Amino acid sequence: MRDVAIVAFAQTDHLRRTDELSEVEMLMPVLHEVLDATGLRTSGIDFTCSGSSDYLAGRAFSFTMALDGVGAHPPISESHVEMDGAWALYEAWVKIQTGEADTALVYAYGKSSPGQVRDVLTRQLDPYYTAPLWPDSVALAALQAQALIDAGDTDESALTAIATRSRQAASGNPHAQLSGDVPAGDYLVRPLRTGDCPPIGDGAAAVILAAGDTARALCARPAWIRGIDHRIEAHGLGVRELTESPSTRLAAERAGVFERPVDTAELHAPFSSQEVVLRKALGLGDEVSVNPSGGALAANPLMAAGLIRLGEAAARIHRGESERAVAHATSGPCLQQNLVAVLEGESTHA
Amino acid sequence: MPDILSAPLVVEFPFTRSLGPVQSAFLTGLRERTVLGVRTGDGKVLVPPVEYDPVTAEELHELVEVAATGTVTTWAWNPHPRRDQPLDTPFAWVLVRLDGADTALLHVLDASGPEAVSTGMRVRVRWAQDRTGVITDIACFEPYGSEPGESGEPAPHDGEFTEPVTGIVTPARLDYTYTPGRAQSSYLEALEDRRVVGERCPSCRKVYVPPRGACPTCGVATDERVEVGPRGTVTTYCVVNIKAKNLDIEVPYVYAHIALDGADLALHARIGGIPYDQVRMGLRVEPVWTEGSRHPDHYRPTGEPDADYDAYKELV
């Protein structure tokens, strides 16, 4: 296996709406930020991969417009995933493992403001038995939350505490959409209150990956990806045990999370209840700093929020605030798909 | 900074989906007030049924009939129903394990309020009046004070019905408010004054029209506005012989790439005012605007001599 690291990370300020910006206009500043941080130019990037979804924009092939922002002419080696950018990062990591690339630019963006995101997300569900009922994303998360409460894994006040801790942590994150003292609010779909749900907003993020000595040359303290894996569960909600996340557990095992303790966890848990599930699956104790960025409860730009978890974990390693971090991204209803990566600073690398 | 334009954007997609044998039997069954499940190799009964075992990926086809009564395994109270959801009064989302099944079905429960709903409560299917073989043939569930009884044993079913449902149409509509961003807004606003405005890349100096805010070569923002045209040169074209639905243009007609004077990227538009078989590369054209329209309706010949090939060959 080649040693691959995240060497730069940038994200936009996440906002409820960005009407004045097209997607490429929103994206370009973060692309320039990661390129400037490494001194690389587009011509020095071997592979580019992005994550986004046409359903957010309501337009086909919307990612091709965003390509203008990376300077795609003369031709570049490029790919796209119609999902969170964390999976674009996985593809880029695989590309580097093949030896066909030493550097990669990964970016992701989503503008939720043009549509009704709760309705839009119903379109990712099974089209025969589920999507015709239009169960929105909050409703499905609420079913999972009630199952956790019934199982005795949490209660409503514990959920509120998770949301409060996340937004307090986000006070130190200038990019967060929601931070500080945020009221628990009314039930949106009971048992989830407004405060248990992520803000809806627009945003983008980018990272640069590099292999071996190239990474060391580009970054004083690269965040080495020591393991990365992603797994998926059955699409039928009634087939799954919603209080558990076996896919997260398996991905974490394969990524090596349990080989040594981690000090930081960036978890993609858009709903407070999902943090309960993920902590259990990853075996995280109170000694681990969970979502010091505020996590998805503070900013949840769809298709970028998972990549941001990897970026935030890497940035803590860049800054010397973490030695070994676990980063997690999710997609689909009730944590259906999960990606887990272990990031380490140089000193802990044997 | 121009005013930011916005416009409603409606996306509708009525997908027609074909059903496999298991889905066909299940949905046809609903039409006939019969709930079918499928038995897996290890004896579990999955409702709703799937064609492949989610654990072993084994193909499944052994159908069984389960009861129309069941138990709520988890629920969530929805105080504000959204468009297209099954009930328009407040309701509970529920996962229901029907008597005889080992897995739960997602649907909605008609109840008076959240205090009337609990995990473990007994419910039964309320059938829709008109049933066609879709999941909403179950109108909803309703509270039902029964105990899981002898009806809990699934009975073998051959899945055969007269006139089985073999496909469904799943209409969907999503509503957006489209905002084109800074660069395209200023382009569209200039069009209102019948001017065409592009943007110049600060790095390579190329002028893009319509501008999208970024130079695809340099990957930087294009922010210097440049008025181009209105005249231009046909760089390439095609003859359209297919009459488009809802388009009131006689075929054949010519669709062309046009390099407006001063632009480094060709835009595309229809050519009019000249027989289709006389359009040619190098033809000089100008826009024709119609009353009340933001965009030129088409471009027509200016009567100038054709442009020299060298003048536009970079834009072909």
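Points to keep in mind about this one:
- Counting the residues of the stretch B:1-29 that are over 27 Å from the mean Cα position of the chain (by Cα) and open to solvent by less than 80 Å² (accessible area, probe 1.4 Å) gives 3.
- Matching entry among B:182, B:225 (being away from chain A (no Cβ under 14 Å) and not in a loop (DSSP other than H, G, I, E, B)): B:225
- Enumeration of residues in the stretch A:179-203 that are under 30 Å from residue A:50 (Cα atoms) and in a loop (DSSP other than H, G, I, E, B): A:179, A:197, A:198, A:199, A:200, A:201
- From the list A:145, A:101, A:88, the one residue that fits, being open to solvent by less than 10 Å² (accessible area, probe 1.4 Å), in contact with a Phe, Trp or Tyr (Cβ under 9 Å, 6 or more places away or on another chain), within 11 Å of chain B (Cβ to nearest Cβ) and in contact (Cβ under 8 Å) with a residue 40 or more places away in the chain, is A:145.
- Residue in the stretch B:277-297 that is assigned to a strand (DSSP E or B), touching a residue at least 60 places away in the same chain (Cβ under 8 Å) and open to solvent by less than 80 Å² (accessible area, probe 1.4 Å) present: yes
- Of all the residues in the stretch B:1-41, those that are part of a loop (DSSP other than H, G, I, E, B) and either more than 10 Å from chain A (Cβ to nearest Cβ) or closer than 30 Å to residue A:115 by Cβ (or both) number 14.
- Of everything listed in (1) under 30 Å from residue A:65 (Cβ atoms); (2) at pLDDT 90 or above; (3) within 30 Å of the chain's Cα centre (by Cα), the single unmet condition for residue B:169 is (1).
- Test for residue B:160: is it of a type outside the set (A, V, I, L, M, F, W, C), open to solvent by 50 Å² or more (accessible area, probe 1.4 Å), outside any loop (DSSP other than H, G, I, E, B) and within 30 Å of residue B:42 (Cβ to Cβ): no
- Being within 10 Å of chain A (Cβ to nearest Cβ), among the β-branched types (Val, Ile, Thr) and either part of a loop (DSSP other than H, G, I, E, B) or touching a Phe, Trp or Tyr at 6+ places or on another chain (Cβ under 8 Å) (or both) is a property that residue B:125 lacks.
- Taken over the stretch A:46-63, the residue count meeting the criterion of being open to solvent by 60 Å² or more (accessible area, probe 1.4 Å) and within 11 Å of chain B (Cβ to nearest Cβ) is 3.
- Sub-6 Å Cβ pairs linking a first residue in the stretch A:312-324 that is more than 19 Å from residue A:89 (Cα to Cα) and open to solvent by 40 Å² or more (accessible area, probe 1.4 Å) to a second residue that is of a type outside the set (D, E, K, R) and in a loop (DSSP other than H, G, I, E, B), at least 6 apart or interchain, are A:323/A:345, ordered by first then second residue.
- Filter result for residue B:263 (part of a loop (DSSP other than H, G, I, E, B), touching a Gly at 6+ places or on another chain (Cβ under 7 Å) and open to solvent by less than 40 Å² (accessible area, probe 1.4 Å)): yes
- Here residue B:245 meets each of (1) touching a residue at least 12 places away in the same chain (Cβ under 8 Å); (2) basic (Lys, Arg); (3) part of a loop (DSSP other than H, G, I, E, B) with one exception, condition (1).
- For the stretch B:101-110, filtering for residues that are more than 10 Å from chain A (Cβ to nearest Cβ) and open to solvent by 10 Å² or more (accessible area, probe 1.4 Å) leaves 1.
- Residue match in the stretch A:287-304 (condition: surrounded by fewer than 24 Cβ atoms within 10 Å (Cβ to Cβ) and assigned to a helix (DSSP H, G or I)): no
- Matching residues in the stretch B:42-63 - criterion: being loosely packed, with under 13 Cβ neighbours inside 10 Å and assigned to a strand (DSSP E or B): B:59
- The stretch A:28-56 residues that are closer than 30 Å to residue A:125 by Cα, paired with ones that are buried (at least 22 other Cβ atoms within 10 Å of the Cβ) and basic (Lys, Arg) (beta carbon under 7 Å, 6 or more apart): A:56/A:111
- Scanning the stretch A:325-349 for residues that are in a loop (DSSP other than H, G, I, E, B) and open to solvent by 10 Å² or more (accessible area, probe 1.4 Å) yields A:332, A:333, A:336, A:349.
The values are calculated or read from the model by the stated rules, or taken from the named source; none is laboratory data. Just so it is clear, the structure is predicted and the values come from calculations on it, not from any experiment. As a convention, Cβ positions derive from the backbone with ideal geometry for all residues, glycine included, and neighbour counts pool all protein chains shown. Side chains are part of the model used for accessible areas, which takes the heavy atoms of the whole protein and leaves out ligands, DNA and RNA. Shrake-Rupley method; radii C 1.70, N 1.55, O 1.52, S 1.80 Å.
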